[in-house]
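Peer 1: Could you have a look at this structure, given as C-alpha cells, before my questions?
The values are calculated or read from the model by the stated rules, or taken from the named source; none is laboratory data. These figures come from a predicted structure and were not determined experimentally. For neighbour counting, all protein chains shown are included, and Cβ atoms are generated from backbone atoms with ideal geometry for every residue, glycine included. Just the protein is used for accessible areas: all its heavy atoms, side chains included, with ligands, DNA and RNA removed. Shrake-Rupley method; radii C 1.70, N 1.55, O 1.52, S 1.80 Å.
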Amino acid sequence: MDTRPIGVFDSGVGGLTVAAEIIKALPNEKIVYFGDTARLPYGTKSKEAVTRFSKQIVKFLMSFDVKAIVIACNTISSNSYDDLQKEFDIKFIEVITPGAESCAKETKNKIVGITGTQATIESHAYEKKLTELMPGIKVHGVACGLFVPLAEEGWTDCEIAYLTAKEYLDPMIEKGIDSIVLGCTHYPLLYNCIKRAAGDNIKIINPAYATALKLKEYLTSKDMLNPNEEIKEPDFYLSDQTPKFKEICKIALGREYEANKADIECL
Ligand code: DGL
C-alpha cells in the first residue's frame with residue numbers, strides 16, 4: 001500500500017490522453033502531470049535535447065515524492081527511456097512496449113502502420129519491438145508532423161485535420177496495413193479524423209490503454225496501490241500557460257482543469 005502520487009509527463013498536452021486512461025484504470029491514484037509547453041515540440045528535436053529536458057522534468061516530478069513515473073510521450077519513450085531508467089532510482093513506465101504489444105495482438109495480416117513524430121519514427125523503436133514480438137511483421141512508419149500543432153491548437157475534429165490525416169495515411173493504406181498505432185500521445189485527440197481517413201477495416205491502436213494496465217500491473221505486483229478511496233483531483237503543471245489547455249482537458253478528460261505554471265529549466 002502506497003498513497004504517494006504517480007508522475008505523468010509529456011512535451012505538452014498529448015499525455016493527457018494517457019492520464020485519462022490511468023484515471024479510468026486506477027481511480028484511487030493521485031496524478032501529478034507535467035507538460036513542457038514552453039519547449040514543445042520534442043518530436044523535431046535531437047535525442048540529446050529530449051533527454052536533457054526529460055531529466056529536468058523527472059527531477060521536478062520527484063520533488064512530489066512520486067512512486068512511479070509514466071512517460072506519456074512516445075518521443076521521450078523511444079529516445080530517452082534507457083537513459084532515464086539508468087539515472088533515476090524510480091520505476092518508469094513507457095508507452096512503446098504496451099503499444100507494440102497491443103498492435104501484435106490486433107494484427108491479422110502482419111502488415112501494420114506506425115504514426116508518430118519524426119524522432120519516434122527515426123528511432124525505429126516500434127519496428128524493433130514489433131519484430132521481436134512477431135518476426136516477419138511488416139512495419140510502415142510515417143512521421144505526421146502536422147498532427148501535434150493541430151492537437152495543441154484544439155483543431156481536433158475538422159476538415160483540415162481529416163484531410164491532413166488522409167494525406168499521411170493513404171500511402172500506408174495502399175501497402176495493405178490492417179492496423180495503425182497512434183504512436184504519439186497527441187494523436188488520440190484527432191481520433192475521429194484518423195478513423196475516418198483509415199476507414200472501417202483498419203484497427204486504430206491507442207497505446208494509452210495498455211500503458212495504464214502496465215502501470216496497474218506494476219503497482220499491484222509491488223503492493224503499491226493506493227487503498228484510499230476518496231476521489232483525488234489530478235494536479236497539472238505546465239512550463240508555459242497555454243490558453244488552449246482547458247479546451248484540450250475537456251476533450252481528453254471530459255472536463256476543464258486549471259494548470260499551474262512551473263519553471264524547471266534551473267533543475
Ligand atoms: N506527445 C509526444 C509523443 O507522444 C510528442 C509531441 C511533440 O512533438 O512534442 O511523441
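Peer 1: So, taking all protein chains as they sit and a 1.4 Å probe, how much accessible area belongs to GLU127, in Å² rounded to tens?
Peer 2: Estimated to the nearest 10 Å², GLU127 gives 70 Å².
Peer 1: Can I ask one more? Could you compute how fast segment 146-196 diffuses translationally, taking Rh as the Kirkwood radius over C-alpha pairs and applying Stokes-Einstein at 20 °C with viscosity 1.002 mPa s? Give it in µm² per second.
Peer 2: D, rounded to a whole number, is 194 µm²/s.
Peer 1: Starting from the Cα gyration tensor of the chain, multiply each eigenvalue by 5, take the square root, and state the resulting semi-axes largest first in whole Å.
Peer 2: Working through the eigenvalues yields semi-axes of 28, 20, 18 Å.
Peer 1: If you don't mind, there's one more thing I want to ask. Based only on Cα atoms, what mean projected area does the convex hull of segment 129-267 have, in nm²?
Peer 2: 11.9 nm²
Peer 1: Let me ask another. Over 28 Å, how big is the tail of the calculated P(r) for segment 65-223, in percent of all Cα pairs?
Peer 2: I get 20 percent for the Cα pairs in segment 65-223 exceeding 28 Å.
Peer 1: Measuring from a point 7 Å past the Cα of LYS110 along Cα-to-C-beta, which residues in segment 136-163 have an amide N at less than 19 Å?
Peer 2: 136-141
Peer 1: Can you tell me the Rg and the Dmax, both Å, for the Cα atoms in segment 41-143?
Peer 2: According to the Cα coordinates of segment 41-143, Rg and Dmax are 14.6, 46 Å.
Peer 1: Using a 1.4 angstrom probe with every protein chain in place, what is the largest-first accessible-area order of ASP178, ASP263, ASP200?
Peer 2: The ordering from most to least exposed comes out as ASP200, ASP263, ASP178.
Peer 1: Residue by residue through segment 109-123, which ³J(HN,Hα) values in whole Hz follow from phi under the Karplus form 6.51 cos²θ - 1.76 cosθ + 1.60 (θ = phi - 60°), with glycine and proline marked x?
Peer 2: Each residue's phi maps through the Karplus curve to give 9, 6, 10, 10, x, 10, 9, x, 6, 4, 5, 5, 5, 5, 6 Hz.
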